[in-house]
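The values are calculated or read from the model by the stated rules, or taken from the named source; none is laboratory data. A quick note: this is a predicted structure, and the numbers were derived from the prediction, not measured. For neighbour counting, all protein chains shown are included, and Cβ atoms are generated from backbone atoms with ideal geometry for every residue, glycine included.
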Amino acid sequence: MEQITVSVQYKIKKKKLDKATSAILEYVEAVKKNELGTTEYKVFQDESDRTVFIHVMSFVDKAAKKTHEKSEDLKKLKKILVPMSKGKAVYTSMVTVQPPASTENVEIKKDMSSHEPI
């Protein structure tokens, strides 16, 4: 069974950035401490626009994801962040890149002309 990975992206009002950042850092620590089924939880900021946050999280299974979604820590974070957000959060479910299921119709051509010794 492959773990479940989700990203969430949202934008915070510039004047609320410090308060949001503090709440997020506190939340990440609570997730690490209280959610054993959450195997990864990282938060990133857009390098050119620090008001844009992206959370990337992975769960061992659907039950762990549901536990995360119903946690008191998440409810607390949402009460803080939702009023200071601009627009809606965008959730994306992700899967690990896998090789094609079948290689029957895949033709591999070797072109060594670009790999000649110098």
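Summed over region 25-41, residues that are outside any helix (DSSP H, G or I) and within 20 Å of K79 (Cα to Cα) total 2. Tell me, please, whether a residue that is at pLDDT below 95 and either exposed (fewer than 11 other Cβ atoms within 10 Å of the Cβ) or within 17 Å of the chain's Cα centre (by Cα) (or both) can be found in region 65-74. No, every residue in region 65-74 fails to be at pLDDT below 95 and either exposed (fewer than 11 other Cβ atoms within 10 Å of the Cβ) or within 17 Å of the chain's Cα centre (by Cα) (or both). Listed by first and then second residue, the pairs linking a residue in region 42-56 that is over 17 Å from K19 (Cα atoms) and modelled with pLDDT of 95 or more to a residue that is aromatic (F, W, Y) and in a loop (DSSP other than H, G, I, E, B), with Cβ atoms under 6 Å apart and 6 or more places separating them unless they lie on different chains, form an empty list. Within the set S58, S48, S7, S22, the sole residue that is surrounded by fewer than 12 Cβ atoms within 10 Å (Cβ to Cβ), outside any loop (DSSP other than H, G, I, E, B) and among the hydroxyl-bearing types (S, T, Y) turns out to be S22. Going by the structure shown, is V8 closer than 16 Å to K78 by Cβ and either within 13 Å of the chain's Cα centre (by Cα) or among the basic types (K, R) (or both)? For V8, the condition - closer than 16 Å to K78 by Cβ and either within 13 Å of the chain's Cα centre (by Cα) or among the basic types (K, R) (or both) - is met.
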